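The values are calculated or read from the model by the stated rules, or taken from the named source; none is laboratory data. Being a predicted model, the structure only gives us computed values, none of them experimental. Cβ placement follows ideal geometry from the backbone for every residue including glycine, while neighbour counts extend to all protein chains displayed. These area figures cover heavy atoms from the full protein model, side chains too; ligands, DNA and RNA do not enter into them. Shrake-Rupley method; radii C 1.70, N 1.55, O 1.52, S 1.80 Å.
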Amino acid sequence: QVQLVESGGGLVQPGGSLRLSCIASGSTASSSDFKFWSKACYRQTPGGQREFVARILNTGTAEYGGSTAGRFTISRDNAKNTWYLQIRNLNPEATAVYYCNTNDAARDYWGQGTQVTVSS
């Protein structure tokens with residue numbers, strides 16, 4: 001079992017920054033294999049499709065989508081079963097619900113989503 005809880009969303013002015021946190025819990029998240037799972041963040045605007053934002057692998061390699069909504073940096077702390085998405089220089093395009101994601105190649109697990117709104 002894996003449960004994902006995310007936080008850090010909210011209202012921010014254009015040009016500001018946010019850091020979103022993803023925390024995994026459950027028996028599988030506590031296992032030694034969990035560190036090998038991909039850790040990622042996605043976003044979804046109203047009426048839009050879920051879009052890949054960032055992913056970090058066990059090797060430390062990070063992958064990013066083509067979003068121009070801000071400057072994205074993903075990181076993780078395996079000891080805490082936690083990963084983070086830092087977003088800087090936010091613009092209104094970043095307004096969306098952001099979702100934590102992890103997978104073991106067999107299936108995906110999703111967080112509940114956290115709302116990010118960029119507005120003055």
- prompt: What number goes with the only condition from (1) of a type outside the set (S, T, N, Q); (2) part of a strand (DSSP E or B); (3) open to solvent by 60 Å² or more (accessible area, probe 1.4 Å) that Ile74 does not pass?
  reply: (3)
- request: Can you work out which of the residues in the stretch 8-20 that are of a type in the set (Gly, Ala, Ser), surrounded by 14 or more Cβ atoms within 10 Å (Cβ to Cβ) and within 17 Å of the chain's Cα centre (by Cα) is nearest to Trp83 (Cα to Cα)?
  value: Gly8
field: Among the candidates Tyr42, Tyr109, Tyr98, Tyr84, residue that is closer than 20 Å to Val2 by Cα and open to solvent by less than 10 Å² (accessible area, probe 1.4 Å)
entry: Tyr98
- prompt: Of all the residues that make up the stretch 41-53, how many are of a type in the set (S, T, N, Q) and assigned to a loop (DSSP other than H, G, I, E, B)?
  reply: 2
query: Hey, any hits in the stretch 21-33 for a residue that's in contact with a strand residue (DSSP E or B) (Cβ under 8 Å, 6 or more places away or on another chain), open to solvent by 50 Å² or more (accessible area, probe 1.4 Å) and farther than 19 Å from Asp108 by Cα?
result: no
Filter result for Ala79 (part of a loop (DSSP other than H, G, I, E, B), open to solvent by 50 Å² or more (accessible area, probe 1.4 Å) and either hydrophobic (A, V, I, L, M, F, W, C) or in contact with an Asp or Glu (Cβ under 6 Å, 6 or more places away or on another chain) (or both)): no
